[in-house]
Amino acid sequence: MHSKFKLYSVFNGIIHIIFLLNILMYFNNGWVIMQSTEKAEKNVKTSEKTAVEGRKVSLPCPLSTPSREKAYMVLWFKNDVKIPIYSFDVRGKPLQLARHWSAPEIFGSRAKFNTDVEPATLDIDDIRRHDEGVYRCRVDFRTAQTQSFRYNLTVIILPEYPVVLNRWGRQLNGTTLGPKEEGDDVLLTCRVVGGRPPPQVRWLVNGLIVDEQVEQQTGDVTENRLMWPSVQRSDLNSIFTCQAINTPLVEARESSYVLDLHLKPLTVDIVNKRLPLVADRRYEIQCESAGSRPNAIITWYKGKRQLRRTKDEALNNVTKSILNFVPSTDDDGKSITCRAENPKVSGLFLETTWKIEVIYPPLVSLRLGSTLIVDDIKEGDDLYMECQIQANPKFSKMYWMHDGVLISHNASARVIRSNQSLVLQKITRNSSGNYSCSAINAEGETVSNQLPLRVKYAPVCTVDKTIIVGAFRNENLNVICDVHADPPPRSFKWKFNSSGETYELSKDRHYRNGSRSNLQYTPIMDQDYGTLTCIGQNEVGEQAVPCVFQVILAALPSPVRNCSINNQTQHSLEIQCLPSYDGGLPQIFLLELIATKSGKLRLNLTNADEPLFIIESLDAYTSYDTYGDDALKVVIFSVNQKGRSHGVVVKEFIFDNSIESRAAITNAALDLSPVLLGVLFTLLLLCSVIFAKVYCNRASTTMRDLNSDMKQNMNSISYKHDTQKNTRWENGDGKTKDLKSSMDMQEDEKDPDVIPHGKKTEKTLNAVSKTDNYGLNNDDDTVTNTEWTCGSVNSYYNQFMHQNTRLKETSSLSTESTLIASTPKSQSIASNCHIEVTSSLSTNPFQTSKVNGEISSNTIDYDFNINAIKTLLMTTKVPESCV
């Protein structure tokens, strides 16, 4: 075992010695070859190669000979260094398995010999500045002569990216140049640092070279300045590029900027113009603008005032604005301006103007003449009014109105219309009122304001005729002089004229109450009857025509005569009489329908012209009686200012409406059995007993009330007689306390479903003396004489006369009817009478008379038959639910 190991060691040592000998022989041969190669390489031509720092370069080195012998060894050298920096060993191997070696301090892994291309190349990545030099490639063959290739490699250092400065030397940021305005100059400086060889700096606009001249180069800094004058709208979005280039191997280094411009609008237009415009109507007006950069802002102006009710919209460099516009009458002839303005630059705007026409109804105002004083216009003055009219289109017609009544030109009446003025000459108090004017054009009619005109005038009488005043001797009269005046009168004068003698009455006999003067006058002798005149005075002047009152000796009217019944039917009749002496005063005629037994008033009618009366629905006036009245009687009176006459009873009229008559008719019409007749007779007897009992109780109660009222009246006679005058003046203007009861009665009449029940006591100053509760004598055709004052009969008389003046226009017969007594003799009615009378010669104001052993007072008892009322309401078609 040990001997074998020794043998192996000897064998190994022999092999190493042989290998060393071969190496020595190789190097010796190589050195010889190298000496001969160096001599041949001195004659090799050097090729120029350029590489860009950081990029890749390929140095060619062919591996074949003309005899097509393959390479044996490839070595690369740099500059004059004898030691290879890269080797490619193909000895004894296929070309694909050749051994590569790169000097780590030179290339390391950056270099690789590439045999996949023809010719083969040494590819060097990431060229660095120190890689620059002369490179030599030597290719050895086994038998052929060695080949050499020589390259001078130049490394190009690229410059830095250009920096662009504005005219103030500040570096531009971003990629936008501007924004500029039209007409501005563009001044830019391109600065490039570094680069080997020094770069070429140039300016390009939209890819075209416009400037290659270098203005300044200091050290490794190169500058080129560009002057681009007066930019235009066409220069928008132009690309300004600065390039730095020092080799064609790579693209030039550059910095580019896009030119931005602020442009004013190219167009502005109001697209929906329409004329004319109607005042106070809403319109939408549209304005469009294009060409502005950025999009324009549209503003609207009316004259110099900006309008703000707009709605804006911008799309594709077009701006639209809609104005919500309501023209007024003052806008006629004004201009609407649409202005499109660049929002970034003031002054870059474009505008269009539209002059509008506005049509509207006339604007009318009325005023008094400038030289007139409104509060100092008196009767007899001249005045003029001016109607100011503004209209488009011009007004075609014009009218003047006074209290709504059209005023026409009338020179004879001193009413003159001239253009837009109205002249009133010698005006009167009737000229007072509200004046207005109106104008009409195609758009409509307008009425002006109301101009109130107050015309001051001296007092004038409210009644333009002589007032007849009837009076007894020693009767205290209150004569009222009522005048119209503006301003109200401040004093009055009263004069009396009798048989040509005129004298002024003392001031203590009359006093002023507003526009009235009240005179206390008492005629005693015949010489005291005559003419009273009243004259008022205010600040305008004295009354020109006095108010005249003719005081005459008056009496009660005489009763009517020759009364007859005409056209009598089952339900109606007509009564006509002849009038008698009126007592010296106008008279009216009064009819009263009275129940015979109870004396209750069922109806009253009044006629102011003649004693002619028509009574209808007679059965309705007896059906509601509860005392078994079987007849009605008619009493007719003549009434004047001093009272009423004796009543005339129309005896021929008897309306039979008894229960027995109706029962007889019913029994005759029906065929009743004896049993039924007995039952009916029993019921009738029972009802009669009950009715008689109720009647007796009610009669006794009435007698007690009458006696009590009579005693109270007799006790108050003397006091009332002494204080008659004061009592009359306490209620004022002839309105007694009975007025309230009268108004109550009137209110009841307004609602026929509300029927009063109870006792109504008359309170007149002069009571009526009556028999059978209504002044009827059993042995005479007339009614006892009665006397009413202005507060009672006179009030009723004058009120009726005042109303009758209007009723005469449509009917000569005036009637007033109610189911119950709507106007008792004692009722007070609001009066327009001018004379209030208190007679010291009249009979006692409260009178009673004893008839058939009973005392009559002025108490009227109302009782009603409910079934009769129901029947009446049903016959007049009143709804049954209401009944």
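The table below gives the values:
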read-out	value
Part-to-part distance (alpha-carbon centres) for region 89-123 and region 341-391, which is given in Å	107
Net charge contributed by nearby residues that have their C-beta within less than 10 Å of Gly541 (K/R +1, D/E -1)	-1
GluC sites (Glu not before Pro) within region 224-310: DSSP coil, no more than 15 neighbouring Cβ in 10 Å	Glu251
Separation of alpha-carbon centers, region 552-601 and region 425-495, rounded to whole Å	40
Rg to Rh quotient for region 72-112, alpha carbon positions, Kirkwood Rh	1.00
Sites Val117 and Val81, calculated FRET efficiency, Cβ-Cβ separation with R0 22 Å, nearest 0.05	0.25
Length gained when the stretch Ser564-Lys344 is fully extended (0.36 nm per residue, less Cα-Cα span)	68.0 nm
Solvent-accessible area of Thr175 with every protein chain in place, 1.4 Å probe, in Å² to the nearest 10	90
Region 126-174: proportion of alpha-carbon pairs further apart than 13 angstrom, %	74
Which of Met525, Met398 is most accessible, then next, and so on - probe 1.4 Å	Met525, Met398
Approximate shape of region 371-509 as ellipsoid semi-axes (Cα gyration tensor, √5λ), whole Å, largest first	47, 15, 13
Solvent-accessible area of Glu616 with every protein chain in place, 1.4 Å probe, in Å² to the nearest 10	120
Cα shape, region 230-325, gyration tensor, a/c 1.5 rule	prolate
Estimated dipole of region 188-314 in Debye, rounded to 20 [Cβ of Lys and Arg +1, of Asp and Glu -1, Cα centre]	1160
Percent accessible area from carbon and sulfur atoms, region 147-213, protein chains only, probe 1.4 Å	45
Solvent-accessible area of Ser412 with every protein chain in place, 1.4 Å probe, in Å² to the nearest 10	100
Sequence of Trp101, Trp400 when ordered by accessible area, the most exposed leading, probe 1.4 angstrom	Trp101, Trp400
Options Gln306, Ile245, His262, ranked by Cα towards positive dipole end of region 226-329, top entry (Cβ charges)	Gln306
Compactness of region 35-147 as Cα Rg over 2.2 N^0.38 Å, two decimals	1.05
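The values are calculated or read from the model by the stated rules, or taken from the named source; none is laboratory data. Owing to the predicted nature of the structure, the values given are computational and were not obtained by experimental measurement. Glycine also receives a Cβ, built like all others from the backbone with ideal geometry; neighbour counts cover every protein chain displayed. Heavy atoms of the whole protein, side chains included, go into the accessibility calculation; ligands, DNA and RNA do not. Shrake-Rupley method; radii C 1.70, N 1.55, O 1.52, S 1.80 Å.
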